[in-house]
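The values are calculated or read from the model by the stated rules, or taken from the named source; none is laboratory data. All values derive from a computational prediction rather than experimental measurement. All Cβ positions, even for glycine, are placed from backbone atoms using ideal geometry, and neighbour counts span all protein chains on display.
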């Protein structure tokens, strides 16, 4: 078991930052290029998870448990966010019978 | 060491598939796979508590909620009208610019030390519970209020409202 965890020892912290930056950027691109509200929502989840992973990596790097507690709080926040967000999407669908975000342009100008 | 790079490659691949899949149900399934690879990352970092929570909360609860809403709204077909190509192109360029800025600042930072697990019991439930219930007790209680209000809010939002003339809208 101990040797299994030793496998990460050779990974530099920079590579974790690079991986999380790539995942976060993919989430940003997903928000920008999709029109389906639920897929946009999933891209936001992807960004949250990239940040969670980076917080955990920093926590292990510094030997401080606070980072992992923050991740726990972010997960609780994400659960609340998903519940409210999906309720809003259901309401939008009921009023406009579509979840295309381009329909929702009443506040645009 | 190489297992990290393999899992990282899988994470990026599935994340790309999430935003490029035409059918929203396929997007959700790829997102589940992405979260699974992130769970493996947590296990590699010996954050066992977070790995289990990620597995149960994200892959279990949140993804079931997504699938449930997709099926409820009958959106499991690829009916989404595509954005114009110029908007897509601008979005990809914008995201790549963000990535370039992040990578450039990372390069300016220089070479980093490897991630070494100095305290093997760091991510275990025992250690995290001690920190959570001493140092972070107030935020923990506040987050319970947040979850309660989110639950009430979700029910209020999704409930059909009765109009004065007796019709549901």
Single condition residue B:109 does not satisfy, out of (1) at pLDDT 80 or above; (2) under 21 Å from residue A:64 (Cβ atoms); (3) at the interface with chain A (Cβ under 7 Å from one of its Cβ atoms): (3)
Test of understanding: among A:70, A:41, which residue is within 30 Å of residue A:18 (Cβ to Cβ), in contact with a helix residue (DSSP H, G or I) (Cβ under 8 Å, 6 or more places away or on another chain) and crowded, with 20+ Cβ neighbours inside 10 Å? A:41
Whether any residue in segment B:50-59 is in contact (Cβ under 8 Å) with a residue 60 or more places away in the chain, surrounded by 21 or more Cβ atoms within 10 Å (Cβ to Cβ) and either under 24 Å from residue A:92 (Cα atoms) or touching a helix residue (DSSP H, G or I) at 6+ places or on another chain (Cβ under 6 Å) (or both) is what I want to check. yes
Residue check: is residue A:17 outside any loop (DSSP other than H, G, I, E, B), touching a residue at least 24 places away in the same chain (Cβ under 8 Å) and either buried (at least 23 other Cβ atoms within 10 Å of the Cβ) or out of contact with any strand residue (DSSP E or B) (no Cβ under 6 Å at 6 or more places or on another chain) (or both)? yes
Residue list for segment B:119-148, restricted to those being farther than 17 Å from residue A:56 by Cα, in contact with a helix residue (DSSP H, G or I) (Cβ under 8 Å, 6 or more places away or on another chain) and more than 7 Å from chain A (Cβ to nearest Cβ): B:133, B:135, B:140
Looking at B:87, B:116, B:103, which one is in contact with a helix residue (DSSP H, G or I) (Cβ under 6 Å, 6 or more places away or on another chain), facing chain A (nearest Cβ under 9 Å) and surrounded by fewer than 17 Cβ atoms within 10 Å (Cβ to Cβ)? B:116
At pLDDT below 95, surrounded by fewer than 18 Cβ atoms within 10 Å (Cβ to Cβ), out of contact with any strand residue (DSSP E or B) (no Cβ under 9 Å at 6 or more places or on another chain) and at the interface with chain A (Cβ under 7 Å from one of its Cβ atoms) - does that describe any residue in segment B:2-11? yes
